[in-house]
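Novice: Have a look at this one before I ask anything.
The values are calculated or read from the model by the stated rules, or taken from the named source; none is laboratory data. A quick note: this is a predicted structure, and the numbers were derived from the prediction, not measured. Backbone-built Cβ (ideal geometry, glycine too); neighbour counts: all protein chains shown.
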Amino acid sequence: MFGDPHITTLDGANYTFNGLGDFLLVRTRDRNSSFLLQGRTAQTGSAQATNFIAFAAEYNSSSLDPITVQWLLEPSDTIHVRLNNQTVTFETNRDGAKGQEMFNTSGVVMTRNGSVVSANFDGAVTISVIALSNILHASCSLPEEYQNRTEGLMGFWNGNPDDDFRMPNGSTLPPGSSEEVLFHYGMTWEINGTSLFGKRDDNLPSNFTPVFFSQLSGNKSLNENLTSTCNGDKHCLYDALATGNKSLGLDTGMLFRTYQQMNTTLNQYPPSIEGPDVMEAYVGQVKVVNYTSSTKDVTFTLRNNCTDFKLFGKNPWLGL
Ligand SMILES: [Ca+2]
């Protein structure tokens with residue numbers, strides 16, 4: 001999920017949704033836990049478009065107290081982070097990457113690196129939020145247990161992008177629906193009661209209707225110029241045309257590509273490895289341990305140059 005707002009569903013369907021309000025992005029649960037992600041949008045300057053200005057997540061599990069994290073956009077692409085309605089104070093992480101700060105408490109680990117703030121809930125769900133050009137963008141990684149159990153703007157997660165646009169009443173839009181139709185679909189996920197953000201203090205115009213790409217692409221000379229600047233990327237074009245800001249469009253285009261790469265990585269689950277968890281060895285004796293994996297293309301390597309360990313074979317024997 002990213003941009004103006006351009007959204008990529010959990011199954012990888014892309015669409016543009018410029019609704020104004022508080023929206024349900026994901027709601028899901030399994031036997032032991034439940035997770036909720038909401039997003040708040042505001043009008044992008046004077047453009048007839050909107051962008052995310054805040055995200056809020058709530059994680060509940062049988063073994064933890066409920067955890068709520070809010071990411072709120074502040075000037076100069078900074079993110080104000082709140083945990084259970086208290087401001088989070090990050091500390092320098094000496095073990096982490098340069099410039100990385102951390103906050104760690106029961107059930108949640110958060111890291112901040114410049115304009116990127118990530119939260120991991122109970123080792124299961126990760127939400128990453130970045131502030132760029134005064135717009136918040138988010139991406140999320142959910143555990144497999146939530147498959148077939150999601151609803152909201154991030155779609156119905158079941159491996160099939162063609163059935164992602166499912167409304168609260170259970171009906172589904174066909175793939176390839178127009179932006180106008182998708183706008184009305186998106187509005188069905190607006191939160192009418194109290195959201196995790198609480199009441200809004202800005203007065204929203206009622207019945208905000210965004211400008212659609214089909215209307216924007218009318219101006220031909222501008223388009224040819226922009227098309228080359230944006231390298232044909234539709235997300236970049238929309239943002240640049242709707243806001244009149246080329247660099248915002250380019251930022252969105254860049255993010256779109258980064259998210260695509262990230263999604264490819266996130267969609268891969270770690271391989272299963274069979275072998276003992278504990279090894280007992282005695283000085284002067286050779287101990288051979290066998291680790292195998294039935295997952296395709298798994299390579300075992302030994303880290304560091306430890307001369308006491310040797311690796312045999314591709315599906316290896318570990319000797320020491
Ligand atoms: Ca789906």
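Novice: Taking the range 173-189, which residues are surrounded by 16 or more Cβ atoms within 10 Å (Cβ to Cβ) and touching an Asp or Glu at 6+ places or on another chain (Cβ under 9 Å)?
Specialist: L173, W189
Novice: Do any residues in the range 180-203 that are under 18 Å from N18 (Cα atoms) and assigned by TED's automatic domain parsing to the domain that holds T16 have Cβ atoms under 9 Å from those of residues that are of a type in the set (S, T, N, Q) and part of a loop (DSSP other than H, G, I, E, B), where the two are at least six apart or on different chains, and which pairs are they?
Specialist: Short answer, once both residue conditions are applied: F183/N18; F183/T209; Y185/S177; G186/N18; T188/N169.
Novice: Restricting attention to the range 179-189, which residues are under 17 Å from Q43 (Cα atoms) and in contact with a Leu (Cβ under 8 Å, 6 or more places away or on another chain)?
Specialist: Within the range 179-189, G186 is the sole residue that qualifies.
Novice: Give me the pairs, please: first residue somewhere in the range 155-173 and closer than 21 Å to P143 by Cβ, second residue anywhere and more than 6 Å from the ligand (Cβ to nearest atom) and not polar (S, T, N, Q), beta-carbon distance under 6 Å, and either six or more positions apart or on two chains.
Specialist: Correct list of pairs: G155/L10; F156/R166; W157/L10; P161/G12; P161/A13; D164/A13.
Novice: Working only within the range 26-69, note down all residues that are without any contact (Cβ under 8 Å) to a residue 60 or more places away in the chain, polar (S, T, N, Q) and surrounded by fewer than 23 Cβ atoms within 10 Å (Cβ to Cβ).
Specialist: The answer is N32, S34, S46, N60, S62, S63.
Here's the yes/no breakdown for (1) out of contact with any Leu (no Cβ under 8 Å at 6 or more places or on another chain); (2) over 21 Å from D22 (Cβ atoms); (3) surrounded by fewer than 18 Cβ atoms within 10 Å (Cβ to Cβ):
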| residue | (1), (2), (3) |
| --- | --- |
| W71 | no, no, no |
| E74 | yes, no, yes |
| I79 | no, no, no |
| F90 | yes, yes, yes |
| A97 | yes, yes, yes |
| M102 | yes, yes, yes |
| V108 | no, yes, no |
| G123 | yes, yes, yes |
| A131 | no, no, no |
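Here's the yes/no breakdown for (1) part of a loop (DSSP other than H, G, I, E, B); (2) in contact with a helix residue (DSSP H, G or I) (Cβ under 7 Å, 6 or more places away or on another chain); (3) at pLDDT below 95; (4) within 18 Å of P5 (Cβ to Cβ):
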site	(1), (2), (3), (4)
H137	no, yes, yes, yes
C140	no, no, yes, yes
D162	no, no, no, no
N192	yes, no, yes, no
K199	yes, no, yes, no
S206	yes, no, yes, no
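Novice: Also, quick follow-up: I'm trying to understand the selection: among the residues of the range 101-115, which are free of Cβ contacts under 8 Å to residues at least 24 places away in the same chain, under 30 Å from S247 (Cα atoms) and either in a strand (DSSP E or B) or within 13 Å of the chain's Cα centre (by Cα) (or both)?
Specialist: Result: E101, T111, N113.
Novice: With respect to the numbered conditions (1) more than 14 Å from the ligand (Cβ to nearest atom); (2) touching a Pro at 6+ places or on another chain (Cβ under 8 Å); (3) within 14 Å of T8 (Cβ to Cβ); (4) of a type in the set (G, A, S), which one is the sole condition not fulfilled by G155?
Specialist: (1)
Novice: I would also like to ask the following. Suppose we keep only residues that are of a type in the set (D, E, K, R) and either at pLDDT 70 or above or assigned to a loop (DSSP other than H, G, I, E, B) (or both) within the range 232-284. Which one would you say is surrounded by the fewest Cβ atoms within 10 Å (Cβ to Cβ)? Break it down into steps so the answer makes sense when it comes.
Specialist: Taking the range 232-284 and keeping what is of a type in the set (D, E, K, R), we get 233-234, 239, 246, 251, 257, 274, 277, 280.
Adding the requirement that they be either at pLDDT 70 or above or assigned to a loop (DSSP other than H, G, I, E, B) (or both) leaves 233-234, 239, 246, 251, 274, 277, 280.
Working: D233: 19, K234: 17, D239: 32, K246: 16, D251: 21, E274: 9, D277: 4, E280: 7.
Here the answer is D277.
Novice: Right, here's the next one. Quick check on the range 158-191: of everything there that is near the ligand (Cβ under 9 Å from one of its atoms) and acidic (D, E), which residue is nearest to the chain's Cα centre (by Cα)?
Specialist: D164
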